[in-house]
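Scroll down for the structure; my scribbles are underneath it.
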Amino acid sequence: MTTEEHTARAMVEAVGIGRDFTVAEGRFPRRVKRVVPAVRSIDLTVRPGEIVACLGPNGAGKSSTMKMLTGILSPTRGSLRVAGLEPSRRRTTLARRIGVVFGQRTGLWWDLPLRDSLELTRHLYRVPAAEHAHRYAELTELLELGPFLSTPVRQLSLGQRMRGDLTAALLHNPRLLVLDEPTIGLDVVSKATIRSFLARLNREEGTTILLTTHDLGDVERLCERVVVIDRGSVAFDGGLDGLRARDPGSDIETVVAGLYRDGAARP
Amino acid sequence: MADPIAPRRVPHLVPRPVQDYARLAWTWTRTAFQYPAGLALMTTGVVLSVVAEFGAVLVVFWRAGELAGFSMAEGMVVYGLAAAAFGTADLLMGNVERLGERIRSGELDTMLVRPVSPLVQMATDDFSPRRLGKILPALGILAAGLWWAAPEWTAGKALVFAVLMVSGVVICASVWLVGACLQFFVADAREAANSVTYGGQALTEYPLAVYGQGIVRAVTFTVPLAFVSWQPVLYVLDRPDPTGLPDALRFAGPAVAVLAAAVAALAWRTGLRHYRSTGS
Ligand SMILES: Nc1ncnc2c1ncn2[C@@H]1O[C@H](COP(=O)(O)OP(=O)(O)OP(=O)(O)O)[C@@H](O)[C@H]1O
Ligand SMILES: [Mg+2]
């Protein structure tokens, strides 16, 4: 074990990270460049074994934050460590330590049957055959992949595909799972399957889970801790109880909506 | 598990990217063979396009007898070498030209979170043996041209020629990759890049002397494609350079290849660093 890993007490350690995009606007002669801060400044520490949900209105910067955490985007400012590594510099090494699912896209190969996609994933992550067989059997059973293992990924329904994606992200047994809207577009039953699977994963294997969602059901069912992001900054970070306590009379949805509106009212 | 966070270390002799390349290419090849009719049809299409191109070269030589002092046999060598190098580069790296699509669809994001070079993933995605439909006929034309032109062979010459051929493939692949990397910066750069690569290919298919000195000099020094076919042909046929460039240039292929590959690697790294994903 290297010292790097020894010092990695937190799974995610973000201090003041932000990301600007320069966008050009207007037609050719009058084109002007403008800097859009997608993420202004986010402090976030996630300890091993936690499940943390990021909430926030559309365009708040949740996905951009997840992309920085996974090394896809390099932060414009701030310091960031994930699983002991600086993501944008050590992206490939980091990829071996974490699992990532973007609900809007797939990490599987469209034209391959699910089984082949998972087999390919095993090779790319260099999972030893015996370990793979064990995990593959376990995951296919828990996520009920059996009936569509030989179906090409492009023919899977959204819920089936999402379960396949989760399996692919977990075959190499990552300690941290990053999920961007894992329950988007799923029916009640699929959502319930995925939520209980994630809860079990966290409980039995101690996998740290960081997810973004618009579904408060995910939060209530899964998380102790909620981070509300609004316009690129953290508007709330704390327990679900703390969130409820902000307005004891009303339900959780009203409280969150109030947080979004508070943010909008700030200068 | 003792140390779940530690990366697994598998001892290997073959570099990891090469292993990954082989694994991905093999998976796609197997998939392609699952639809043999489609594969056969597409391969036929590729073969026909080579036949058509080569037909055009033949017609030109047949009408002119010889071009700028080059016989038809020598023309076949020039064409065969260019087409084989382009075909091989296309087989190995051709898919990188779809970078823009990958960026727009968000596929590049998914490639970036896998522990495999995104360049390898991009190059192998949809890897298809149909491209052999270009390489094999081109090699046939090259062999026939060499047999007909009958230069004097020595073991050393054969070796140098092989090195020049490999350099040609590396040069083509590098030019291709640089063109593709433009798509990191410009949304619709694919057209621009294609004019470099495909336009360049048409240029290399005729003896360069046909185009006149000015263009030849420009091409030799700006677009390094002359080292793909023209200079190796001068070498293998023992020809003085009709445009008056120094003979030593014909050995510059490997150096040009290394330089082109370095430029391509730099373009790729710079592109990735500037990559901004998409908004959704
Ligand atoms: N590649 C990009 N180029 C320019 N602007 C971008 C880019 N990616 C994101 N943005 C902008 O950054 C802001 C934050 O986007 P982001 O996708 O992170 O939001 P989000 O919280 O995930 O929203 P949603 O809930 O709708 O998914 C938005 O205003 C978006 O327009
Ligand atoms: Mg989002």
Limited to the range B:103-159, what total is found for residues that are part of a helix (DSSP H, G or I), within 20 Å of B:S229 (Cα to Cα) and touching a residue at least 24 places away in the same chain (Cβ under 8 Å)?
18
In the range A:67-101, which residue that is of a type in the set (A, V, I, L, M), under 25 Å from A:V127 (Cα atoms) and outside any loop (DSSP other than H, G, I, E, B) is nearest to ligand 1 (Cβ to nearest atom)?
A:L69
Looking at the range A:102-116, can you tell me whether even one residue there is within 12 Å of another protein chain (Cβ to nearest Cβ), in contact with a helix residue (DSSP H, G or I) (Cβ under 7 Å, 6 or more places away or on another chain), of a type in the set (S, T, Y) and assigned to a helix (DSSP H, G or I)?
no
Restricted to the range B:233-280 and to residues being within 14 Å of chain A (Cβ to nearest Cβ) and of a type in the set (S, T, Y), the residue farthest from ligand 2 (Cβ to nearest atom) is B:T270
Subset of the range A:66-88, residues more than 7 Å from chain B (Cβ to nearest Cβ), of a type outside the set (G, A, S) and touching a residue at least 12 places away in the same chain (Cβ under 8 Å), comes to A:M66, A:M68, A:L69, A:P75, A:T76, A:R77, A:L80, A:R81, A:V82, A:L85, A:P87
Unmet criterion (only one of (1) away from ligand 1 (no atom under 16 Å from the Cβ); (2) touching a residue at least 24 places away in the same chain (Cβ under 8 Å); (3) away from chain B (no Cβ under 12 Å); (4) not β-branched (V, I, T)) for A:P147:
(2)
Every residue from the range A:34-65 that is more than 10 Å from chain B (Cβ to nearest Cβ), small (G, A, S) and closer than 14 Å to A:G18 by Cα
A:S41, A:A60, A:G61
Taking A:R40, is it outside any loop (DSSP other than H, G, I, E, B), among the charged types (D, E, K, R), touching a residue at least 60 places away in the same chain (Cβ under 8 Å) and over 16 Å from A:A168 (Cβ atoms)?
yes
Taking the range B:244-271, which residues are surrounded by fewer than 18 Cβ atoms within 10 Å (Cβ to Cβ) and either modelled with pLDDT under 85 or within 16 Å of ligand 1 (Cβ to nearest atom) (or both)?
B:G244, B:P246, B:D247, B:A248, B:F251
I'd like to check something: does the range A:18-34 contain any residue that is under 17 Å from the mean Cα position of the chain (by Cα), touching a residue at least 60 places away in the same chain (Cβ under 8 Å) and at negative phi?
no
The range A:89-101, residues that are away from ligand 2 (no atom under 16 Å from the Cβ) and either facing chain B (nearest Cβ under 10 Å) or under 24 Å from A:Y260 (Cα atoms) (or both)
A:R91, A:T92, A:T93, A:L94, A:A95, A:R96, A:R97, A:I98, A:G99
Of the residues in the range B:145-186, those that are surrounded by 24 or more Cβ atoms within 10 Å (Cβ to Cβ) and aromatic (F, W, Y) come to B:W176
Search the range A:13-32 for residues being at pLDDT below 80 and not in a loop (DSSP other than H, G, I, E, B), and hand back the single one that is nearest to B:T278 (Cα to Cα).
A:V23
Filtered residues of the range A:202-216 (kept if more than 16 Å from ligand 1 (Cβ to nearest atom) and surrounded by fewer than 19 Cβ atoms within 10 Å (Cβ to Cβ))
A:N202, A:R203, A:E204, A:E205, A:G206
Of all residues in the range A:45-60, count the ones that are part of a loop (DSSP other than H, G, I, E, B) and crowded, with 23+ Cβ neighbours inside 10 Å.
2
Among the residues of the range A:117-148, write down those that are hydrophobic (A, V, I, L, M, F, W, C), out of contact with any His (no Cβ under 9 Å at 6 or more places or on another chain) and part of a loop (DSSP other than H, G, I, E, B).
A:L143, A:L145
Return the only residue of B:G140, B:G106, B:G87 being modelled with pLDDT of 85 or more, over 23 Å from A:I72 (Cβ atoms) and either within 14 Å of another protein chain (Cβ to nearest Cβ) or buried (at least 20 other Cβ atoms within 10 Å of the Cβ) (or both).
B:G87
Going by the structure shown, is B:E53 within 14 Å of another protein chain (Cβ to nearest Cβ), part of a helix (DSSP H, G or I) and among the acidic types (D, E)?
no
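The values are calculated or read from the model by the stated rules, or taken from the named source; none is laboratory data. This one's a predicted model, so the numbers in the text were calculated from it and none came from an experiment. In this analysis, Cβ positions are derived from the backbone assuming ideal geometry, glycine residues included, and neighbour counts consider all displayed protein chains.
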